[in-house]
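Each remark here refers to the structure printed beneath this line.
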Amino acid sequence: MENLKYIFIYFVLTMLAVPCYAQRVETEYQTIEGLFDMDNLADKMSIVHKTIFYRDEENRNDWHASEVYVKGKIRLGNKVVLSFTDNADLDESMGGELTYISPQQGIIIKYLHMTTGGTVKAVYDFYSYDVKLQNWYRYKRATYDQSTWDDFSVTFDYYDKVQKSLVGSKQRTILASFHDPMKQKETLESILHACSNGRYPQTYLDFVSYIEILNHVDITHCQVEIQELVALLKLHNEYWANYISSTYLRVHR
């Protein structure tokens, strides 16, 4: 009995030593409209976001975003209703969101955004619609990762063999060469023209699109054009201009 008493006391003290973290849950609702499939009928996506926050134990006034959970429902114009769930780790950021956009027919982009002070991370997963399988499949990921105001990177991952579905857990295997349905229609010349007329990239996705264009040009023969683009971008966003300069101009290599 004496041993049991000490075991009980040890158990109670152990339980008391476990910190109690304050938690709050924020719920948001979102509706996205577009042409998600290929039948030209208007479609709608309804999203419920639940973001989990934990109080900072050192600074009780600060809250950190831990995770976000999504329940989504896609109502296609042909009356078909599809449901899906998703989640993401927000890496204890000061704020974050997981949302969806549809920039063109048959395309859904999942957008994960996290920020803490000068640190920003934006991840874009591109899904294309498969008419036969009646689902959307991830074929590309673009990541904008900014650790400080002037230190960041833009990377791409291309899924041209096995692609994860948006609805459910099935995958699609690509047997032939995969064509990007959002292959950039713009060129280095067209974005130069846009910037010279004051139409600069406004979002991280816009800037990421610029970088993908530059990744597919012959930079050896386009140094003059890239220099011109850098000069124009410096009028709008010096950090973005410096990134292009250091990455694509030979003088910095």
How large is Rg over Rh for the chain, taking Rg from the Cα atoms and Rh as the Kirkwood inverse mean of 1/r across Cα pairs? 1.10
Quote to one decimal, in nm, the extra length available between residue 220 and residue 134 on full extension: 0.36 nm per residue of separation minus the C-alpha distance between them. 26.7 nm
Name the long-range amide H neighbours of residue 160: under 5 Å, sequence gap of 5 or more, or other chain; modelled H, no Pro or chain starts. none
Looking at the square roots a ≥ b ≥ c of the eigenvalues of the Cα gyration tensor of the stretch 150-253, which shape do they give, rounded for a/c under 1.5, prolate if a/b is larger than b/c, or oblate? prolate
Helix 204-215 against the longest principal axis of the chain: what's the angle in degrees, Cα atoms only, rounded to the nearest 10? 50 degrees
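Using the Cβ atoms and a cut-off under 12 Å, what net charge is assigned to the surroundings of residue 214, where Lys and Arg are +1 and Asp and Glu are -1? All intermediate terms of the calculation are to be shown ahead of the outcome.
On the way: positive: none; negative: 186, 212, 218, 225.
Spelling it out: positives minus negatives among the neighbours equals -4.
Take every Cα pair under 8 Å in the chain that's 6+ residues apart, average their separations, divide by the length, and report that relative contact order as a whole percent.
Reported as a whole number, the value is 10 percent.
In deg cm²/dmol, rounded to 500, what helix-only [θ] at 222 nm does the chain give when every DSSP H run of at least 4 residues adds -39500 (n - 2.57) and the total is split over its residues? Could the numbers behind the result be given before it?
Details: 5 runs with 59 residues, N = 253.
Only helices count here, giving -7000 deg cm²/dmol.
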As a test, work out the antiparallel percent of DSSP beta bridges whose residues both lie in the chain, rounded to the nearest 5. 100 percent
Given springs between every Cα pair under 10 Å in a Gaussian network model of the chain, which of 167, 154, 80 has the largest fluctuation? 80
Per-selection metrics, the stretch 39-147 (Cα): Rg and Dmax in Å: 16.4, 54
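For the stretch 39-103, what is the accessible area per residue in Å², given a 1.4 Å probe and the full set of protein chains?
Values: 3560 Å² over 65 residues.
In whole numbers, the stretch 39-103 has 55 Å² accessible per residue.
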Stretched fully, the stretch from residue 44 through residue 105 gains (0.36 nm per residue minus C-alpha distance, one decimal, in nm) 20.7 nm
Could you give the angle, 0 to 90 degrees to the nearest 10, between helix 223-233's Cα long axis and the longest principal axis of the Cα atoms of the chain? 60 degrees
For residue 95, list long-range residues whose amide hydrogen, built 1.01 Å from N in the peptide plane, is under 5 Å from its own amide hydrogen. 65, 115
Can you give the local net charge around residue 131? Use residues other than it whose beta-carbon is closer than 10 angstrom to its beta-carbon, Lys and Arg +1, Asp and Glu -1. -2
Going residue by residue through the stretch 91-105, the Karplus relation 6.51 cos²θ - 1.76 cosθ + 1.60 with θ = phi - 60° gives ³J(HN,Hα) values, rounded to whole Hz and with x marking Gly or Pro, of 6, 6, 6, 6, x, x, 8, 10, 9, 9, 9, 10, x, 7, 4
Residue separation between residue 55 and residue 235 times 0.36 nm, minus their alpha-carbon distance, gives in nm 60.8 nm
Formal net charge of residues neighbouring residue 154 (Cβ-Cβ distance under 10 Å; K, R +1; D, E -1): -2
With a ≥ b ≥ c the root eigenvalues of the C-alpha gyration tensor of the stretch 38-87, is it rounded (a/c under 1.5), prolate (a/b larger than b/c) or oblate? prolate
Zone residues, the stretch 30-50, relative to residue 79, backbone N less than 18 Å from point 7 Å out along Cα-to-Cβ: 39-44
Dipole of the stretch 184-253 (Lys/Arg Cβ +1, Asp/Glu Cβ -1, origin at the Cα centre): which of 246, 195, 229 lies farthest to the positive side? 246
If you average the C-alpha positions of the stretch 201-253 and of the stretch 53-112 separately, how far apart do those two centres end up, in angstrom? 30 Å
Pairs to check: 140/170; 110/234; 71/164; 44/161; 71/185. Give those whose C-alpha atoms are more than 27 Å from each other in this structure. 110/234; 44/161; 71/185
FRET efficiency for residue 170 and residue 227, using Cβ-Cβ distance with R0 set to 41 Å, rounded to 0.05: 0.30
Hey, with R₀ at 30 Å, roughly what FRET efficiency would residue 27 and residue 202 work out to, going by the Cβ-Cβ distance, to 0.05? 0.60
Which value, in debye to the nearest 20, describes the size of the charge dipole of the chain about its Cα centre when Lys and Arg Cβ atoms bear +1, Asp and Glu Cβ atoms bear -1, and nothing else is charged? 880 debye
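The values are calculated or read from the model by the stated rules, or taken from the named source; none is laboratory data. All of these numbers come straight from a predicted model, not from anything done at the bench. Neighbour counts are summed over all protein chains in view; Cβ atoms, including those assigned to glycine, are modelled from backbone coordinates with ideal geometry. All accessible areas refer to the heavy atoms of the entire protein, side chains included, with ligands and DNA or RNA removed. Shrake-Rupley method; radii C 1.70, N 1.55, O 1.52, S 1.80 Å.
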